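Quick note: the coordinates plus some simple rules give every number you see, no bench work behind them. It should be emphasised that the depicted structure is a prediction, and the values quoted were computed from it without experimental measurement. Glycine also receives a Cβ, built like all others from the backbone with ideal geometry; neighbour counts cover every protein chain displayed.
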Amino acid sequence: MAGKGGATVCRILLVVVASAAVLVSTASGIAAQDVTFAALPGTADTFRDYLSFSKDGRLLREVVPIKSTGNDQVHHVRAITYVAATGKVRRVWNLQPNTEFFSATTDGRTLVISGDRFLPEARAHLFLFDMETGRTQDIPSSWFDADERDPYSKISGDGRLVSAYMESGAGDGPIIVSVYE
């Protein structure tokens, strides 16, 4: 019995060593890529940025909340697309002032953005933003309660569904989430 147990341990040890050799040989072909770009005006909130890869892995998309410098602190969203293999900046979108990022599709191409969110005299409006083309599509205001000044929305990972909701229900009631195709 001691011989069979020793043979089993040897086989396990051999499998571990062989697995380690395979990992070491394949890891040498993998290289880390640092992504940097020239400083752009404003202060990035790196604690709230969002990163995602395109479906084919060739692009890295980053969404960063930016706070302007100066007396009037205005927020806006900066959306950056990098070429993943080189770290080269492919595209930078600086969205309008007073925008806030809510969610994105899994590949980061389509974003849900809120406009005029920080303006006390305005009702926030929500829209979808395409990081490839820069095109926007309004999310209908009819999806939200007319009295709600700051509605919220999320998009599904595949971009087929969009939800509409408020952060609190009417009175002490439940939060109602509507989902649209």
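Taking N as the number of residues in segment 43-140, what is its alpha-carbon radius of gyration divided by 2.2 N^0.38 Å?
Details: Rg = 13.6 Å, N = 98, 2.2 N^0.38 = 12.6 Å.
Taking N as the residue count of segment 43-140, the ratio is 1.08.
Can you figure out the FRET efficiency of E181 with E121, using R₀ = 30 Å and their beta-carbon distance, to the nearest 0.05?
0.35
Compute the Rg to Rh ratio over segment 106-155 from the alpha carbon atoms, using the Kirkwood formula for Rh, and round to two decimal places.
Working: Rg = 11.6 Å, Rh = 11.6 Å.
Reported Rg/Rh, Kirkwood definition of Rh: 1.00.
In segment 43-140, with Lys and Arg counted as +1 and Asp and Glu as -1 at Cβ, which of these residues, T81, I66, F101, has the Cα nearest the positive end of the dipole, that is, farthest along it?
The residue sitting farthest along the positive end of the dipole is T81.
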